[in-house]
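Notes to accompany the following structure.
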Amino acid sequence: MSLVLTLASRNLLQDRLRFVATLIGIVFSVVLVMVQMGLYLGFGRMVTTMIDHAAADLWVVSKGASSFEDLTLLDIRTRDRLPGVTGVAKVIPVAIGFADWRQKDSKVKPVFVIGSDLDSDALKPWNLVEGSVDALRSNDAVAVDRTYFDNLGVSGIGSTAEIRGQPARVVAVTDGIRSFTTTPYVFAELSRARAYIGLPPTKYNHFIIRVQPGTDVKNVQRDIRSAVPDVDVLTPTEFRDRSRSFWLFGTGAGAALFAGALLGVIVGTVIVAQTLYSSTKDHLYEFATLRAIGCSNRYVYRVIVWQAVLNAIIGFAVAAAIGFVVVQFTAKGALPIVITPVLIGGLFALTVVMCVVSAIAAIIRVVRIDPVMVMTR
């Protein structure tokens, strides 16, 4: 094995310029796939951030609601029927909607208002860096994320603006609650949120259900569906999956990210295949010599495959380093790139497979070598 690695490494390093060109192709391919898949994971997390941070056992949403941001309304009569279902401990209404945020200089920006009952602790701002949730109980109080300070024209606690012609005052600041639509989230107490989005007092968008301790959630879910058949009753996991499916595939965003990743794999495979083939062609006499002195085809194939594996290991190491830099750079951006250990493992396996598959063309070329050609040199 040591001799095989020696031959493979010397073949790679003999022409350093070609070796660098191969690494650039691999790094480009892996970084492109890593970024595309990282965006996919980051986008997938952002579209469910409200569901992930809500203290819900079940969600009651309008029939066919595609995501948390679906603005279809539920009637107050639905709310009144839910407490009578066996196992239901609390019914917490949620109001959401778009509104105009008017700054002091009269500039208008769209915002997405989220309101719920603060006493229930079901859906409230998290990652607070200034102020408190209790401060939202005061008149005209809202919470915003500091990522959007420039966009909203605010500087922190005490900043004021108008939402739908009504005063709004920042009393709490969060860090990292970013919207995948780039429209800033604005948290408010339920009644205040209603006023900001113009929601009638008898309408709601969603209901968060808390079940009684020791109660089977699936049984409560089934009973609610029977008692209120004109709504969808979803567990957090089901609501999360539905939202991701809609935003990633229903809108085409996921397909675009996968297409970019596939392009990276194709480009990397072609570059590596071409480089390995050229390298093998330049060393035909060396491979013919190996066969002439009795080395089996399998031995020669191992040399070529190890060339591909060494390319994969070195190229992936460089690409991973670049990837982690990109992750840090986008951590506070509008759409952070997420790289998980599973993604790293999968990308490494993909890189090795890509490089080994690329070696097939070189192997086919070596198979056709006539060892006699050594005598004609």
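Residues of segment 210-224 that are in a helix (DSSP H, G or I), under 32 Å from the mean Cα position of the chain (by Cα) and either touching a residue at least 12 places away in the same chain (Cβ under 8 Å) or closer than 23 Å to M50 by Cα (or both): V217, K218, V220, Q221. Taking the criterion of being touching a strand residue (DSSP E or B) at 6+ places or on another chain (Cβ under 7 Å), closer than 20 Å to Q212 by Cα and not basic (K, R), the residues of segment 67-93 that qualify are T78, L82, P83, G87, V88, A89, V91, I92, P93.
Only one residue in F207, F239 is open to solvent by less than 20 Å² (accessible area, probe 1.4 Å), hydrophobic (A, V, I, L, M, F, W, C), under 24 Å from L73 (Cα atoms) and not in a helix (DSSP H, G or I), so which one is that?
Values: F239 fails: not in a helix (DSSP H, G or I).
Among F207, F239, only F207 is open to solvent by less than 20 Å² (accessible area, probe 1.4 Å), hydrophobic (A, V, I, L, M, F, W, C), under 24 Å from L73 (Cα atoms) and not in a helix (DSSP H, G or I).
All of (1) assigned to a strand (DSSP E or B); (2) charged (D, E, K, R); (3) over 30 Å from G153 (Cα atoms) hold for E130 with one exception: (3). Would you confirm whether any residue within segment 161-171 is open to solvent by 50 Å² or more (accessible area, probe 1.4 Å) and either within 30 Å of P236 (Cβ to Cβ) or in a loop (DSSP other than H, G, I, E, B) (or both)? Yes - at least one qualifying residue is present in segment 161-171. Applying the condition of being within 25 Å of H53 (Cα to Cα) and part of a helix (DSSP H, G or I) to segment 79-122 and asking which residue is most open to solvent (accessible area, probe 1.4 Å) yields D119. The residue pairs whose first member lies in segment 96-113 and is free of Cβ contacts under 8 Å to residues at least 24 places away in the same chain, whose second member is open to solvent by 60 Å² or more (accessible area, probe 1.4 Å), and whose beta carbons are closer than 8 Å, counting only pairs six or more residues apart or on different chains, are V108/D100; V108/R102.
The set of residues from segment 23-59 being over 14 Å from G264 (Cα atoms), among the hydroxyl-bearing types (S, T, Y), part of a helix (DSSP H, G or I) and open to solvent by less than 30 Å² (accessible area, probe 1.4 Å) comprises just one member, T49. If you go through segment 26-85 and keep only what is among the aromatic types (F, W, Y) and farther than 20 Å from V220 by Cα, you end up with F28, Y40, F43, F68.
I'm trying to understand the selection: among the residues of segment 244-262, which are of a type in the set (S, T, N, Q) and surrounded by fewer than 14 Cβ atoms within 10 Å (Cβ to Cβ)? Outline the logic, then answer.
To start, the set of residues in segment 244-262 that are of a type in the set (S, T, N, Q) comprises 245, 251.
T251 - this is the single residue of segment 244-262 that is of a type in the set (S, T, N, Q) and surrounded by fewer than 14 Cβ atoms within 10 Å (Cβ to Cβ).
The values are calculated or read from the model by the stated rules, or taken from the named source; none is laboratory data. Keep in mind that this is a model prediction, so the values were computed, not measured. As a convention, Cβ positions derive from the backbone with ideal geometry for all residues, glycine included, and neighbour counts pool all protein chains shown. Accessible surface is based on the protein model in full, side chains and every heavy atom, while ligands, DNA and RNA are left aside. Shrake-Rupley method; radii C 1.70, N 1.55, O 1.52, S 1.80 Å.
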